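Working notes for the structure below.
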Amino acid sequence: MYAMRSNFLGMAICGGLFSALPAHAEDFAPPQGCEVFMTVQMHNCQVANYYRCAADPEGDLWTAFADGEGIYYLSHIDAETRWLESVSTDDGEIEMFDPGASKDAPSFSALLSDGKDDYDFVTRSNYRGLRRYVGSDTLTGKSVSIDDVPLETITFDLREDDQNSQTVATRTGTQYISRKYRVFFSGAERFENDQGDVVSYDDSPVRFDFPGDPGFSTETPEYDCDLMMTQADLRPTQVSLAPLSRSFSKEALQ
């Protein structure tokens, strides 16, 4: 069992971080005591800054996702990629892992050693209450290199149930993992909610920037932004699924 932050602390983190950041900052500044180690430019006009904080347990990792209007989402995971907490800055929703109610938390180590990881865990949100996530990740055995960063591909399926055990959404698709950094990156996915709305998207990484690279720690996305603006009025009916922070896809928030 690992330590969890309280909802009060989560609110403090959200308020403290984002009150200090301008809405359209060009460079990402992590909270005091934290350090960015990787910036990832993704398709669909998104950029993610990965950072670690000295006060957190070893292996914990934060990610700040931004689009052309600034940071919209924060995720916090541990060394096993367990979803500890997430913050949506658009509406203030904070979702936190509930270890006592969870049957089987995700395990990155199990995925690497067994080739597959099944999980069944519960989160609690200040807006939506209890959510149960049931799914699995499976290594495909295939490796790829994106911007000279070695990655492996997985397939996954994920079901989200509400507190009444009713399925409200499903996600399936492919993603990437990095053994070195112990993180997941989005790939081609399909999302469907309980209203029958279906969205397919691909938020795969395009470029990796590290300390010393020109794009390191930027908060400005660079890929597909003109396309996203052109298609802004053509998006399908909005769907809602708090994304699994281990394998984030922005479309699931819309």
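The values are calculated or read from the model by the stated rules, or taken from the named source; none is laboratory data. Here the structure is a predicted model, which is why all the values come from computation and not from measurement. As a convention, Cβ positions derive from the backbone with ideal geometry for all residues, glycine included, and neighbour counts pool all protein chains shown. Heavy atoms of the whole protein, side chains included, go into the accessibility calculation; ligands, DNA and RNA do not. Shrake-Rupley method; radii C 1.70, N 1.55, O 1.52, S 1.80 Å.
Residues whose amide H lies under 5 Å from that of ALA79, counting only those 5 or more places away or on a different chain, are ASP60; hydrogens are built 1.01 Å from N in the peptide plane.
Heavy atoms only, probe 1.4 Å: what % of the accessible area of the range 44-94 goes to carbon and sulfur, would you let me know? Spell out each step's value before the answer.
Details: 640 of 1510 Å².
Carbon and sulfur together cover 42 percent of it.
Counting only protein heavy atoms and using a 1.4 Å probe, the accessible area of THR220 comes to about 60 Å². Backbone phi angles across the range 198-215, fed through the Karplus curve with coefficients 6.51, -1.76 and 1.60 (θ = phi - 60°), yield HN-Hα couplings of 10, 10, 10, 7, 9, 9, 4, x, 10, 9, 10, 10, 10, x, x, 6, x, x Hz in residue order; Gly and Pro are listed as x. Computed with a 1.4 Å probe over protein heavy atoms only, the accessible surface of the range 184-224 comes to 43 Å² per residue.
Provide the packing ranking of 180-189, 81-90, 207-216, 101-110, i.e. peptides ordered by the mean count of other C-beta atoms within 10 Å per residue, highest first.
Numbers: 180-189: 19.6, 81-90: 21.6, 207-216: 13.8, 101-110: 16.6.
Peptide ranking by packing, descending: 81-90, 180-189, 101-110, 207-216.
Looking at the range 26-118, the accessible area is 37 square angstrom per residue; that uses a 1.4 Å probe and ignores ligands, DNA and RNA.
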